[in-house]
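Student: I have a structure here, written as structure tokens, and I will follow up with some questions on it.
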Amino acid sequence: MSKQGLRNLKESAVRTFFLMNGVLTIIILVGIFALLLYSAVPAFREVKIGEFLTSTSWDPTSPVKAEYGILSMIVSTVMVTLVAVLIAFPIGLGVAAYLSDVAHWRVREIVKPIVEILAGIPSVVIGFLGIVLFGPFLAGLFGRTNGLNALNGAVLLAIMALPTIISISEDSLNAVPAAYAEASLALGGSRWQTLVRVKIPAALSGIIAAFMLGMGRAIGETMTVLMATGNARSFPHGLLDSVRTMTSNIAIELGEVPYYTTHYYALFAIGLVLFIMTFGVNLVADLVLSKYQEREQ
Amino acid sequence: MFYEKYKKLIAWAQLGLALVFTPILIAQGRKMIQVKGSDTMINLVQVLAEEYMNRTPAAKIAVLGGGSGTGITALINGTTDVADHSREISTKEINQMWEKGVKPRTFTIAVDGLSIIVNEKNPITKLTMDQVGAIYRGDVKNWRAVGGNAQPISLYGRQSNSGTYTFLQETALKNKNYSSDVKEMNGNAQIIEGVLSDEAAIGYVGVGYVLDKTTGKPMKGLKVLLIAKDDKAESFSPMDKDAVDTGKYPISRGLYQSTNGKPGADIAAFIQFELGPDGQKIVEREGFYPIGAKYTQENAKNLK
């Protein structure tokens with residue numbers, strides 16, 4: 001074979017290899033969705049889908065009557081996630097702005113790696129901190145006897161979402177062309193005005209992506225909330241109630257459930273609802289992102 | 001000719017096969033006994049297994065937790081040799097076993113007085129079974145209603161795969177639903193953690209968990225409640241061996257191990273050790289109670 005032919009062959013082999021990788025991720029995603037759907041649907045032979053989504057009582061092993069309502073869990077998940085992001089986002093954006101605009105480069109060189117190390121702390125460790133450190137602190141602060149509640153979980157999730165939010169926001173602030181800031185300063189804008197009115201709007205698509213990815217991190221996290229929120233099945237009436245999120249419930253019950261029972265299928269149905277929720281969040285993030293990118297061009 | 005050409009290749013293949021299969025063969029020769037189930041029993045069975053392995057170096061036993069339900073499910077699915085369970089096998093599970101051809105043999109290896117615990121700051125010292133049931137069903141929500149401080153009761157419990165969860169539901173709760181406010185913890189140790197740090201807490205654990213092994217008394221910061229069968233009956237402590245043995249303590253129970261069919265020689269030897277005098281001494285040291293004559297007979301029958 002000629003040298004040229006060999007090269008072409010190599011080229012197309014490499015191209016096919018990368019194409020296959022791309023196709024593989026799609027196959028995996030579709031496969032997971034199909035498996036979830038396949039395992040979830042049999043649950044609705046016995047449980048009405050409306051009841052499943054709107055009833056607040058979940059007690060599949062009840063000796064009286066097995067109940068499969070996941071509304072409490074949906075509300076708990078949304079509550080814990082939203083509060084976590086509301087705590088993490090302002091702090092994260094503040095740190096990002098500090099690192100990109102205010103901090104001395106030496107400080108930045110120290111703080112950035114530390115933020116990245118924070119991302120590497122295992123969720124079990126953070127959950128443990130919630131039990132021994134933060135829970136008792138919250139209990140004392142609010143005059144409760146224990147701190148195993150939604151707020152505890154939300155704060156811990158906020159800590160876990162911070163590195164994502166900081167890194168991505170900072171990158172997008174740094175990516176704003178220097179000319180933007182220079183123009184603003186030349187027109188007599190203060191550094192604060194430059195940051196808030198010029199740089200942040202210019203970096204908005206990245207910042208929104210950071211927000212959404214932080215939310216994705218929080219919504220799917222299991223171990224931390226499992227350890228810190230108390231896992232009571234009741235409908236939450238406030239942040240100081242003990243709550244059980246969808247992920248916690250799956251983690252708690254999937255290990256023990258007898259296979260191919262309604263309970264088993266119902267747990268997959270919860271997984272499916274969670275999948276749809278995270279898919280929705282990502283879809284909205286993508287739509288917002290592409291809209292802003294269009295406007296910039 | 002052919003052989004000559006590929007000699008090297010065949011040699012390599014042989015080496016490769018040997019490398020892959022030898023460890024598998026070795027592992028099969030030294031068979032590991034799998035024990036899985038009850039969280040209440042895990043510490044006890046682990047100590048028993050360690051002691052047994054010290055005496056019988058050829059034996060290999062792996063003890064896992066997960067809850068009684070998990071252990072029994074594993075026995076049904078054939079993924080464990082021995083299931084630990086702190087409740088009896090349910091009819092539903094028996095049916096599943098028959099479907100899969102699993103014929104359980106059950107051994108009682110120890111006796112437990114399920115202990116209802118509160119924080120030491122709680123002035124309550126005793127409850128009746130009805131009161132325990134009402135508290136865990138959520139009918140009684142404040143300690144004042146049972147003679148304590150005016151403070152909302154903070155409920156700690158186990159998850160539904162726990163034998164202890166089912167046992168209390170069948171006895172004190174009279175087969176009614178648990179309150180949805182129960183904070184469901186992962187095991188006995190976590191319930192103790194919760195009750196130690198929560199003044200208004202109530203929790204339930206196996207008696208072996210409340211004992212501080214260095215002092216022989218209940219753990220500091222915990223209070224073990226006396227429990228009465230009803231309003232008129234006298235109340236007893238789960239730390240009272242006689243009361244648990246005679247059943248005067250109303251929530252005493254056996255701790256069981258089940259095998260699929262008659263246990264094989266190596267498993268039977270381990271069970272015999274557990275049931276023998278040395279094993280039962282360990283049971284007592286771990287804070288549980290040795291088995292009485294009635295169980296001993298049943299066990300002997302099942303070993304044959």
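Coordinate-derived values only; no laboratory data. Just so it is clear, the model here is predicted, and its values are computed rather than measured. For neighbour counting, all protein chains shown are included, and Cβ atoms are generated from backbone atoms with ideal geometry for every residue, glycine included.
Student: Sorted from fewest to most neighbouring beta carbons within 10 Å, what does the list A:TYR292, A:TYR260 look like?
Tutor: Going from sparsest to densest Cβ surroundings: A:TYR260, A:TYR292.
Student: From other protein chains only, count the Cβ atoms within 10 Å of every residue's Cβ in B:163-176, then give the mean. Don't jump to the answer; show the numbers that get you there.
Tutor: Details: counts 0, 0, 1, 2, 0, 0, 3, 1, 0, 0, 1, 1, 3, 3.
Rounded to a whole number, the mean comes out at 1.
Student: Using 1/(1 + (r/R0)^6) with R0 = 25 angstrom and r between the beta carbons of B:LYS174 and B:THR79, what's the FRET efficiency to the nearest 0.05?
Tutor: Working: r = 34 Å, r/R0 = 1.35.
Result of the calculation: an efficiency of 0.15.
Student: Would you mind ranking A:THR229, A:THR77, A:THR164, B:THR171 so that the residue whose beta carbon has the fewest other beta carbons within 10 Å leads the list?
Tutor: On the way: A:THR229 31, A:THR77 26, A:THR164 23, B:THR171 17.
If I rank by nearby Cβ atoms, fewest first, I get B:THR171, A:THR164, A:THR77, A:THR229.
Student: Quick one: angle between helix A:204-220 and the longest Cα principal axis of chain A, in degrees between 0 and 90, rounded to 10, please.
Tutor: Tilt relative to chain A: about 30 degrees.
Student: When the dipole is taken about the Cα centre of the protein assembly as shown, and only Lys, Arg (+1) and Asp, Glu (-1) are charged at their Cβ, what size is it in debye, to the nearest 20? Please list the in-between numbers first.
Tutor: Numbers: 56 positive and 50 negative charges, 231 e Å.
Dipole magnitude for the protein assembly as shown comes out near 1100 debye.
Student: Can you sort A:ILE87, B:ILE116 so the residue with the fewest Cβ neighbours within 10 Å comes first?
Tutor: Numbers: A:ILE87 18, B:ILE116 27.
So the ranking, lowest neighbour count to highest, is A:ILE87, B:ILE116.
Student: Based on the alpha-carbon gyration tensor of the stretch A:1-110 and its eigenvalue square roots a ≥ b ≥ c, which shape applies: rounded if a/c is under 1.5, prolate if not and a/b is larger than b/c, or oblate? Walk me through the numbers on the way to the answer.
Tutor: On the way: a/c = 5.32, a/b = 1.28, b/c = 4.14.
Note, shape of the stretch A:1-110 comes out oblate.
Student: Relative contact order of the stretch A:1-131, please, whole-number percent, based on alpha carbon pairs below 8 angstrom and at least 6 residues apart.
Tutor: Values: 40 pairs, mean separation 13.4, N = 131.
The normalised contact order for the stretch A:1-131 reaches 10 percent.
Student: Between 0 and 90 degrees, rounded to the nearest ten: what's the tilt of helix A:3-40 against the longest Cα principal axis of chain A?
Tutor: The angle comes out near 30 degrees.
Student: Is the protein assembly as shown best put as rounded, prolate or oblate by its Cα gyration tensor, with a ≥ b ≥ c the root eigenvalues, rounded for a/c under 1.5, and otherwise prolate when a/b is larger than b/c, oblate when not? Don't jump to the answer; show the numbers that get you there.
Tutor: On the way: a/c = 2.18, a/b = 1.34, b/c = 1.63.
Note, shape of the protein assembly as shown comes out oblate.
Student: On to the next question. Helix check for chain B. Which DSSP H runs span at least 27 Å along their own axis by Cα, with a mean Kyte-Doolittle hydropathy no less than -0.5?
Tutor: On the way: long enough: B:2-29 (37 Å, 0.74).
Membrane-span-like by this rule: B:2-29.
Student: Nearest 10 degrees is fine. How inclined is helix A:150-174 to the longest principal axis of chain A, computing both from alpha carbons?
Tutor: That helix lies at roughly 20 degrees to the long axis.
Student: Can you give the charge dipole size of chain A about its Cα centre, rounded to the nearest 20 debye, using +1 on the beta carbon of Lys and Arg and -1 on the beta carbon of Asp and Glu? Let's see the in-between values first.
Tutor: Numbers: 19 positive and 18 negative charges, 113 e Å.
Computed charge dipole of chain A: roughly 540 debye.
Student: Right, here's the next one. Cα centroid distance between the stretch A:64-134 and the stretch B:251-304, in Å?
Tutor: 49
Student: Can you work out the FRET efficiency for the pair B:GLU284 and A:ALA119, with r the C-beta to C-beta distance and R0 = 60 Å, to the nearest 0.05? Write down the numbers at each step before the final one.
Tutor: Working: r = 49 Å, r/R0 = 0.82.
That pair, B:GLU284 with A:ALA119, gives E of 0.75.
Student: OK, next. Once every DSSP H run of n ≥ 4 in chain B is given -39500 (n - 2.57) and the sum is divided by its residues, what mean residue ellipticity at 222 nm do you get, rounded to the nearest 500 deg cm²/dmol? Could the numbers behind the result be given before it?
Tutor: Values: 12 runs with 133 residues, N = 304.
Helix-only estimate at 222 nm: -13500 deg cm²/dmol.
Student: Which whole-number percent gives the relative contact order of chain A, counting Cα pairs below 8 Å spaced six or more residues apart?
Tutor: Details: 368 pairs, mean separation 75.5, N = 297.
So the answer I get is 25 percent.
Student: Calculate, for A:TYR260 and B:ALA62, the FRET efficiency according to 1/(1 + (r/R0)^6) with r their C-beta to C-beta distance and R0 25 Å; round to the nearest 0.05.
Tutor: Numbers: r = 27 Å, r/R0 = 1.09.
So, using R0 = 25 Å, E works out to roughly 0.35.
Student: Now for a separate question. Among the lysines, which have Cα under 19 Å from the Cα of B:LYS248 when same-chain residues fewer than 8 positions away are ignored?
Tutor: B:LYS126, B:LYS174, B:LYS229, B:LYS232, B:LYS294
Student: Same structure, new question: Jot down the radius of gyration and Dmax of chain B, Cα atoms only, both in angstrom.
Tutor: Rg, Dmax (Cα atoms, Å): 23.4, 97.
Student: Rounded if a/c is under 1.5, else prolate if a/b beats b/c, else oblate: with a ≥ b ≥ c from the C-alpha gyration tensor eigenvalues square-rooted, which is the stretch A:51-296? Please list the in-between numbers first.
Tutor: Details: a/c = 2.75, a/b = 1.90, b/c = 1.45.
Prolate, because a/c is 1.5 or more and a/b exceeds b/c.
Student: Compute the distance in nm between two label points, each set 7 Å from the Cα along the Cα-to-Cβ direction, one at A:ILE276 and one at A:GLU67.
Tutor: Taking the simple label geometry, A:ILE276 and A:GLU67 are separated by 2.2 nm.
Student: Subtracting the Cα-Cα distance from 0.36 nm times the residue separation, let me have the gained length for A:ASP286 to A:ARG15 in nm, one decimal. Don't skip to the answer; put the middle values down first.
Tutor: Values: separation 271, 0.36 × 271 = 97.56 nm, distance 2.69 nm.
Between A:ASP286 and A:ARG15, full extension yields 94.9 nm more.
Student: Using unit Cβ charges (K, R positive; D, E negative) and no other charged atoms, how large, in debye to the nearest 20, is the dipole of the stretch B:255-304 about its Cα centre?
Tutor: On the way: 6 positive and 6 negative charges, 45 e Å.
For this selection, approximately 220 debye.
Student: Let me ask something else. Averaged over A:247-259, how many beta carbons belonging to a partner chain fall within 10 Å of each residue's beta carbon?
Tutor: Going residue by residue through A:247-259 and averaging, the value is 4.
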